[in-house]
Every structure is written in C-alpha cells, then in structure tokens.
Amino acid sequence: MMRTNTILCVALLFAGAAFAHSGVKNAAVKARMDAMSGIGAEMKILGQMAKGVTVFDQTAARAAAAGIAKHAAGTPVLFEADEDDPKSEAKAEIWTNFDDFVKKSQNLEGIAAGLSTTIASEADLGIAMKSLGASCHACHKAYRE
Ligand code: HEC
C-alpha cells in the first residue's frame, strides 16, 4: 500500500510538466526548467520499473539515479541568479534562503548518488522512489508554487 501511494505521489509530480516550457522567454529560467524536466524523466524511468510497466534493469535503474544526482549537483548553479519569467513556478524565497535551497539540492544529490551504486533488485525501487520523492517534495513544498 505504502509503495502504491508513493508511486502515485511521484506520478503527480510530473503532471502538467510536459507543456510547461512553451512560451518561456527567459533562457535562464528555461534552462532550469529543462533540468527539472530531466530529473522528472529519470524519475519516470524508475517509477515505471517500480510499477512493473517496464522490466527491472539494474543498469538502467542505476543510470537513472546517476542522472538525477548529476542534475541535482547542477541545480544550485542554475538557480543562482534571481531570474524570473511569467511561466516560472519558482518562489522568491529561493533567493532569500539560498543556503537552504543548496542544502536541499545536496540532499537529493546524496540520495541519488547512493542509489546509483546500490539498486540491485526490483524491491529496492519502492524504497528508492520513496526517499527520492521525499527529497523532491521537501524542496517543491518550500520553493515551488
Ligand atoms: C533544491 C530544490 C528542488 C529539488 C530537490 C527538486 N526540485 Fe523540481 N523544481 C524546483 C523548482 C524551484 C522548480 C520550479 C522552477 C521554475 O519554474 O522556475 C521545480 C520544477 C520541477 C518540475 C517542472 C519543470 C517544468 O517543466 O517547469 C519538475 C517536473 C520537477 N521539478 C521534478 C522534480 C523531481 C522529480 C525531483 C526529485 C527527484 C525534484 N524536482 C527535486 C526545485 C527542486
């Protein structure tokens, strides 16, 4: 039950993201949105394996986790400048609490990097999704509209 709920929550994270970039005029904002979409796509790979939609593949799962870690490592730089766009969902608090924002990126990076060397079975994916999802949520709750 817990596993189903977690997967559902994570699926909701992606809802509406597909078309969100059309009409973004600020290139800096588009770059950070693209990076977040990349994280979203990697989460989707893990989520589909966790649900059994795709067959478990250790190499692909670890690569997706490594991709999330890489994007997370690049997140602070992409958000460093206080850039805005009418399409952006970033909250102004990012730039008043930037140290905390960086900490939340590093939290995701650490979890994803760990998973990129430890995921070994389909059963690991439920736990992986839960810890990654909690990390996404912690930052989105504070810094995304
Ligand atoms: C350190 C903070 C932080 C973390 C961690 C984080 N995000 Fe985000 N995310 C944001 C912010 C801020 C935005 C809004 C950016 C904007 O619109 O300018 C965003 C936007 C998004 C978007 C929408 C992108 C678009 O098309 O506009 C998706 C999808 C997304 N995040 C997925 C994830 C997933 C999945 C995770 C976890 C694996 C995650 N994020 C972790 C801060 C974070």
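None of the figures in this text is laboratory data; all of them are computed from the coordinates on show. Source: prediction; values computed, not measured. All Cβ positions, glycine included, derive from the backbone under ideal geometry; neighbour counts span all protein chains shown.
Annotations
- Residues whose amide H comes within less than 5 Å of that of Arg144, counting only those at least five positions distant or on another chain, are Lys91 (H built at 1.01 Å from N in the peptide plane).
- Only helical runs count toward this figure. For the chain, summing -39,500 (n - 2.57) over DSSP H runs of n ≥ 4 and dividing by all residues gives -25000 deg cm²/dmol at 222 nm.
- Cα-Cα P(r), the chain, percent of pairs per 10 Å interval: 12, 42, 33, 12, 1
- Other-chain or far-sequence residues with amide H under 5 Å of Thr54's (modelled H): Met49
- Backbone amide hydrogens, once placed in the peptide plane, bring Glu83 within less than 5 Å of nothing, excluding anything fewer than 5 places away on its chain.
- Three-way shape label, region 79-143, alpha-carbon gyration tensor, a/c 1.5: prolate
- Sites matching chymotrypsin sites (Phe, Trp or Tyr not before Pro) across region 95-140 that sit in DSSP coil, with at most 10 neighbouring C-beta atoms within 10 Å: none
- Charge context of Asn97, other residues only, Cβ under 11 angstrom, K/R +1, D/E -1: 0
- Set of lysines near Lys44 by C-alpha distance (under 21 Å), chain-local residues within fewer than 8 positions excluded: Lys30, Lys70, Lys104, Lys130, Lys141
- Cα pair count fraction exceeding 13 Å, expressed as % - region 30-91: 65 percent
- 3J(HN,Hα) along region 99-110, derived from phi through the Karplus expression 6.51 cos²θ - 1.76 cosθ + 1.60 where θ = phi - 60°, amounts to 4, 5, 4, 4, 4, 5, 5, 5, 4, 5, 4, x Hz, with x in place of Gly and Pro.
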